């Protein structure tokens with residue numbers, strides 16, 4: 001067989017998979033897990049119901065697969081973060097990363113937190129582990145620069161709590177709105193830095 005034919009088929013299969021994942025997450029966000037119907041997902045994705053069943057034999061497999069793939073993509077993007085060289089900018093950069101992540105992947109985070117989807121807690125825990133590694137990396141950089149006021153464990157715990165998804169949701173939808181990242185950054189700097 002010709003290589004370009006196989007590559008074309010693989011690209012088409014990947015496009016269909018991405019379309020099905022987006023449709024699954026959209027329907028899950030709109031309807032919730034209990035009300036989700038595979039016929040609605042197939043219709044939104046523009047594929048035959050048979051195509052959906054070939055990809056995932058059950059609703060649970062379809063939803064969990066879409067959540068895991070989306071979470072893995074998010075984790076790959078976030079894991080590349082490294083603290084800046086200047087200790088004053090480390091917390092600000094960490095806050096900006098969390099804000100950007102929240103804004104770009106709010107749909108995924110809302111589904112993981114509030115949809116009641118079986119297996120979503122495990123996916124959320126895996127994302128939280130990635131987030132905790134980043135926070136520890138930032139705290140270690142601050143500690144090695146001699147800029148940390150609190151113990152490393154306490155600083156990590158506080159930053160973890162203030163940068164958690166529910167905190168972002170409450171801050172950005174509450175009275176702080178656009179000022180939320182700046183306020184969270186200020187609170188972290190006041191609590192953690194000398």
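What follows is calculated from the coordinates using simple rules that are stated; it is not laboratory data. Fair warning: this is a prediction, and the values are worked out from it, not measured in the lab. When we count neighbours, we look across all protein chains shown, and the Cβ atoms used for this are built from the backbone with ideal geometry, even at glycine.
The fewest-to-most ranking of 144, 87 by surrounding Cβ atoms within 10 Å reads 144, 87. Legend: translational diffusion of the range 92-194 by Stokes-Einstein, Rh = Kirkwood radius over C-alpha pairs, 37 °C, 0.692 mPa s; D = 229 µm²/s. Using the rule -39500 (n - 2.57) for each DSSP H run of four or more residues, divided by the residues of the chain, the 222 nm mean residue ellipticity is -25500 deg cm²/dmol. Compactness ratio for the chain: Cα radius of gyration over 2.2 N^0.38 Å (N = residue count) comes to 1.23.
Within a 10 angstrom radius of the beta carbon, how do 30, 123 rank from fewest other beta carbons to most? Display every interim value, and only then the final one.
On the way: 30 11, 123 20.
By the 10 Å Cβ count, ascending, the order reads 30, 123.
Computed from Cα positions, the angle between helix 3-31 and the longest principal axis of the chain comes to roughly 70 degrees. Taking the longest Cα principal axis of the chain as reference, the axis of helix 120-144 is set at about 30 degrees.
Could you give the C-alpha radius of gyration of the range 1-55 expressed as a fraction of 2.2 N^0.38 Å, taking N as the number of residues it contains? Walk me through the numbers on the way to the answer.
Values: Rg = 13.4 Å, N = 55, 2.2 N^0.38 = 10.1 Å.
Relative to the rule-of-thumb radius for its length, the range 1-55 sits at 1.33.
Fewest-first ordering of 132, 54 by other beta carbons within 10 Å of each residue's beta carbon gives 54, 132.
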